[in-house]
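All remarks here apply to the structure that follows.
The values are calculated or read from the model by the stated rules, or taken from the named source; none is laboratory data. All of these numbers come straight from a predicted model, not from anything done at the bench. Virtual Cβ from ideal backbone geometry, glycine too; neighbours counted across all protein chains shown. To get the accessible areas, we keep the full protein, side chains included, count just its heavy atoms, and leave off ligands, DNA and RNA. Shrake-Rupley method; radii C 1.70, N 1.55, O 1.52, S 1.80 Å.
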Amino acid sequence: MKTQSYVHIDKELDIVHARQIGRDIAKQIGFGTVDQARITTAISELARNIYLYAEKGRISFEIIDTFGRKGIIMTAIDAGPGINDIRLVLQDGYTTSGGLGAGLPGVKRLMDEFEIQSNSGQGTTVKIAKWI
């Protein structure tokens, strides 16, 4: 796997930039428009979480081609406050920002693979993958 690119997230405009890079990569490797929308929605949620809760971080993008199977891996990393109860934030409807509470559970549903690691006071890493 080779990192194709990454976007630093430290201002709101970076969310748009991350979405665009993800969409461009997804289109380039052959995802249809519906999956492109799923990918950009997931990126938007992850980037917004970085911006709102950690203030800064980054999202990296990797193209995967394993045994003739193509896909994209996106990894969101921050050094923010971390998540005290991952199980709780993965429940539909849970929110700390007054939103709909669809963020991380929605990302998990949109992607084929979802992995999260977080430690209180040490930040969060969310790794997601979508296969063609």
Open item on the list: Projecting each Cα onto the charge dipole of the chain (Lys/Arg +1, Asp/Glu -1 at the beta carbon, about the Cα centre), which of VAL89, THR125, ILE21 comes out farthest on the positive side?
Closed with: ILE21
Task: Pairs of Lys in the chain closer than 19 Å at Cα, counting only those 8 or more apart or on different chains - done: 12
TODO: Take peptides 22-33, 73-84 and line them up by average Cβ neighbours within 10 Å, highest first, as a rough protection proxy.
DONE: 73-84, 22-33
Task: Extension gain from ILE132 to SER5, taking 0.36 nm per residue of separation minus the Cα-Cα distance - done: 43.8 nm
Task: Accessible carbon and sulfur surface of segment 9-48 relative to its total accessible area, %, 1.4 Å - done: 50 percent
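On average, how much accessible surface per residue is there in the chain, in Å², for a 1.4 Å probe, leaving out ligands, DNA and RNA?
Details: 7480 Å² over 132 residues.
I get 57 Å² per residue for the chain.
Hey, what number do you get for the chain at 222 nm if only DSSP H runs of n ≥ 4 count, each worth -39500 (n - 2.57), divided across all residues, to the nearest 500? Can you show the working numbers first?
On the way: 4 runs with 47 residues, N = 132.
Theoretical 222 nm ellipticity from helices: -11000 deg cm²/dmol.
In what order, largest first, do GLU55, GLU113, GLU62, GLU45 sit by accessible area if the probe radius is 1.4 Å? Intermediate results must be reported in sequence, preceding the final value.
Working: GLU55 130, GLU113 90, GLU62 30, GLU45 65 Å².
Order by accessible area, largest first: GLU55, GLU113, GLU45, GLU62.
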